[in-house]
Amino acid sequence: MNRVVLSLLLALLGVAGSARGQGVAVQVRLEKDTFLLYEAIPVTVSIRNQTGRTLELNSAGDKTWLDFLVTDEAGRLIKPAGPLAVEENVLVPSGQTLSRRVDLMPLYEVRGRGSFRVQARITQGANQAVSAPAGFAVVHGRELWTQSVAMPVGADKEEHRTYSLIAGRSGREELLHVLVRDETKELVYGMVTLGSFLPLVMPEARVDKEGCVHVMYQGAPHSFGYMRIDPMAKMIDRAVYSDVNTLPRLGINDGVVSVRGGIQTYPRPERIMTEQELNPPPPPPPAPKKKWWRPFGPKTA
């Protein structure tokens, strides 16, 4: 079978593939077929037991009952970049389906633009079941901003981070991401997806004295998203602001980053009530009612 025919067959398979082996049906599915470089690549593996007995899946040492076969467009195997952590022992009753969700990005050297295929492989003793391949592509996003900073650690250690704002399309949406990496050590800590944004207003980014990056971006008309991300690519704070009165912007003073302007709409800011609000004064007495009738009797000169 030539490569053209093989490519057509893979295109018909889409982003999901399934196969059966020894009474075990294995399927691998992807949420979409295009990912940005360093973006998470979550896949869902479904294992259906059709053997008529309970299926026992065991891991021994560095041999796990679940692993993947990832190949590039030339059919070359992509070597693993890290170990896959799964339960050591799993029981799947007859007729039942077991599902597991795995992120391929930190596990395999998918570090360049191109087309790839993934298959899930289940090992049960001397028997194996391999799913049909599911295809996906990795593309570059648009870098809107980048900054490298030194981390505030001890004098005997030196850590650096490079933060980048990356934009990329997903269907009809324009999504904004924050990429966190250490260029000196060639380490990627992760890519955090902030959500959809309107590119009419350029997103803002500031790094504080603790080495965290703050991002402000317009997510919808009159609505601005804010997020704070730490050096390990973990989101530690988020909020939403309105520009009804003034445009929310990021400000920095002595290494402290804060939001200036706008009105915070989520989460609702807490406010301490004043003594007068807690113990309001009694209302004033009502004013005397005016007489609405006219007196009867003879008019006086």
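Worth pointing out:
- Mean separation of Cα contacts under 8 Å, 6 or more apart, over the residue count of the chain: relative contact order %: 12 percent
- Mean sequence separation of contacting Cα pairs (under 8 Å, at least six apart), scaled by the length of the stretch 156-245, corresponds to a relative contact order of 19 percent.
- Residue pairs, from the table K63/K185; K79/K185; K209/K234, whose Cα atoms sit over 22 Å apart: K63/K185
- Reported value for the stretch 35-87: 138 Å³ per residue, from the convex hull of its C-alpha atoms.
- At a probe radius of 1.4 angstrom, the accessible area of the chain per residue rounds to 63 square angstrom.
- Kirkwood hydrodynamic radius of the chain, Cα pairs, Å: 24.0 Å
- For the stretch 29-53 and the stretch 155-178, distance of Cα centres in Å: 25 Å
- Of the solvent-accessible surface of the chain, computed with a 1.4 Å probe over protein heavy atoms with every protein chain present, carbon and sulfur atoms account for 53 percent.
- Inter-label distance, A150 to A74: 4.2 nm, where each label sits 7 Å from its Cα along the C-beta direction.
- Dipole in debye (nearest 20) - the chain, about Cα centre, beta carbon charges: Lys, Arg +1; Asp, Glu -1: 1680 debye
- Largest to smallest in accessible area, the residues R113, R260 fall in the order R113, R260 (1.4 Å probe, all protein chains included).
- Selection from Q276, C212, M232, by position along the positive dipole direction of the chain (Cβ): Q276
- Working from label points 7 Å from Cα in the Cα-to-Cβ sense, the T51 to R260 distance is 6.6 nm.
The values are calculated or read from the model by the stated rules, or taken from the named source; none is laboratory data. Quick caveat, the model's predicted, so the values are computed rather than measured. No Cβ is skipped: glycine too gets one built from the backbone with ideal geometry, and neighbour counts run over all protein chains shown. Please note that ligands, DNA and RNA were not included when accessible areas were found on the heavy atoms of the full protein model with its side chains. Shrake-Rupley method; radii C 1.70, N 1.55, O 1.52, S 1.80 Å.
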